[in-house]
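Structure first, commentary second.
The values are calculated or read from the model by the stated rules, or taken from the named source; none is laboratory data. Values in this document were obtained by computation on a predicted structure and should not be read as measured data. Neighbour counts run over all protein chains shown; Cβ positions are idealised from the backbone, glycine included.
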Amino acid sequence: MSLFRTKAVQPPRDGHLPRVLGPVDLTLLGVGAIIGTGIFVLTGQAAAAHAGPAIVLSMVVAGLVSGLAALCYAELAAAVPVSGSAYTYGYATLGELVAWIIGWDLVLEYALGAATVAVGWSAYVVSFLADVGIHLPAVISAAPGTQVTTPDGTVVTALVNLPAILVSIAATAILVIGIRESARVNAVIVGIKVGVVLLIIGAGSRYLVPDLWTPFIPPNTGTFGEFGWSGIVRGAGVIFFAYIGFDAVSTAAQEAKHPQRDMPIGIIGSLLVCTVLYILVSGVMVALVPYQQLGVAAPMAVAMDAARERAVGTSWAGLMGLMPLIVKLGAIAGLSSTVIVQMMAQPRIFMSMGEDGLLPKWASTVHPRFRTPHVTTIITGTIVALASGFTSIGVLGELVSIGTLFAFVVVSIGVIVLRRTRPDLPRPFRAPGSPFVPALSALASLGLMAGLPWATWERLLVWMALGVVIYFGYGRRHSHLA
């Protein structure tokens, strides 16, 4: 039974981390984490391979599942306002082993999530530089083994994704300096990328081709997940990556000024804003070009190229001529903030695990000047740099999706358990319809997990097995509850 011992729900230590974030900061952190690789890269790939124009429905499905999970996160973040996100919630409700497993799983969500975004950032940077006449050597601009076509038509095999490594290092440096500075950088970048998304929706909607929405749900090819209704489900599972980020707000609970009030605002508010934007922008994108052409690294740029060609000879020709460059600049800015926010989350989970004894004491060290978990931030940055430099975006994206969905299952079950075991715990925000809404959230997340490829499940199981070995080799014996 020691494997399922739970940690008492305690208020955080004041002064351990500076309380500098208000509701607007938290909402912007959520938006900064959500709008990233998912909408700028993976939406096009999901439309081309799985859902077709019905990617709009995939967005709705993924948004609904995220909304259910967001209600559960909001309740636990307000009731247990400490760093650690799903790890802390699992420790307080389901026990130490489950907490360790979910903490280990969150590496897939946050660290590999940041790596996925860094790969998308690299693709847009390489494309933008090529547009202005600067061509990076192909061998250093993509994951090892990737076939890259050079401007003269030569096909070169890449060895390392150097731009992705460099942005990972830059984000690490910003996060070591301080959370206040990171939040300010994020707020500026969020304003830029939301403006770009709105511009895409507004300008692109003038040049839609409604016939491209037909058939809205392409017939199934005979393979599960390739168009038809199964394609919508598979597309939702893949594009679910686009919604990841609102839960990152919960990792900043100890740096929120009034966490019981502000955490639900940041979590639910950021998700609502992004869901509306996602549905609109995906609908515009699949009505600008045939969905089969969107399975590229920069699908929004492809869509805007088509809109630019239709605008020739109109009063909008000048603006539309600049749209591909504007989209790429917006994507670069947007992906930059997403890397920062997701890399902000992971060190705080490691810090919580170190404070509980499940990781060595150095994991909970806070920098004496910058007041940030600098050791775990540097470790996270190293993981992100290596993963982004040497792994393809497809593998990373699916791993992040399944890892996040697993976290959602644990958090949803945690709401039900904590309502029964600690009914006296103050809950400034309560998920409506409990236990039915949390149960539906868990089931919906499991449903999307079931739609992901078996190869992704195999990688998850291998990662989880490695985590269990580490727990029994170190964490169980050093736990402060032991």
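Selection over region 315-366 of residues that are under 19 Å from the mean Cα position of the chain (by Cα) and of a type in the set (S, T, N, Q) gives a count of 5. Scanning region 420-476 for residues that are surrounded by 14 or more Cβ atoms within 10 Å (Cβ to Cβ) and either among the small types (Gly, Ala, Ser) or in contact with a Ser or Thr (Cβ under 6 Å, 6 or more places away or on another chain) (or both) yields a total of 12. Can you pull out every residue in region 108-150 that is over 20 Å from residue 299 (Cα atoms), among the hydroxyl-bearing types (Ser, Thr, Tyr) and more than 17 Å from the chain's Cα centre (by Cα)? Result: no residue meets the conditions.
Please report, ordered by residue number, the helices (runs of 4 or more DSSP H) entirely within region 50-122 with at least 1 residues that are farther than 18 Å from residue 29 by Cβ and aromatic (Phe, Trp, Tyr). It would help to see each step written out before you state the result.
Values: elements: 55-79, 86-93, 96-106.
Passing ranges, in order: 86-93, 96-106.
Give the residues of region 108-143 that are among the hydroxyl-bearing types (Ser, Thr, Tyr) and at pLDDT 85 or above, sorted by residue number. Residues satisfying the conditions are 122, 141.
Candidates in region 292-337 are the residues that are without any contact (Cβ under 8 Å) to a residue 60 or more places away in the chain and assigned to a helix (DSSP H, G or I); of these, the one that is farthest from residue 52 (Cα to Cα) is 318.
Within region 409-419, which residues are in contact with a Gly (Cβ under 7 Å, 6 or more places away or on another chain) and surrounded by fewer than 20 Cβ atoms within 10 Å (Cβ to Cβ)?
none
Return the residues of region 297-314 that are within 29 Å of the chain's Cα centre (by Cα) and among the small types (Gly, Ala, Ser); say none if nothing qualifies. Those that are within 29 Å of the chain's Cα centre (by Cα) and among the small types (Gly, Ala, Ser): 297, 298, 301, 303, 306, 307. Filtered by the rule that a residue be crowded, with 22+ Cβ neighbours inside 10 Å and either in contact with a strand residue (DSSP E or B) (Cβ under 7 Å, 6 or more places away or on another chain) or under 10 Å from residue 115 (Cβ atoms) (or both), region 381-396 gives 384, 385, 387, 388, 389, 393, 396.
Could you please let me know if residue 188 is at pLDDT below 90, more than 13 Å from residue 391 (Cα to Cα), surrounded by fewer than 17 Cβ atoms within 10 Å (Cβ to Cβ) and out of contact with any helix residue (DSSP H, G or I) (no Cβ under 8 Å at 6 or more places or on another chain)?
On the way: at pLDDT below 90: yes; more than 13 Å from residue 391 (Cα to Cα): yes; surrounded by fewer than 17 Cβ atoms within 10 Å (Cβ to Cβ): yes; out of contact with any helix residue (DSSP H, G or I) (no Cβ under 8 Å at 6 or more places or on another chain): yes.
Answer is yes for this residue.
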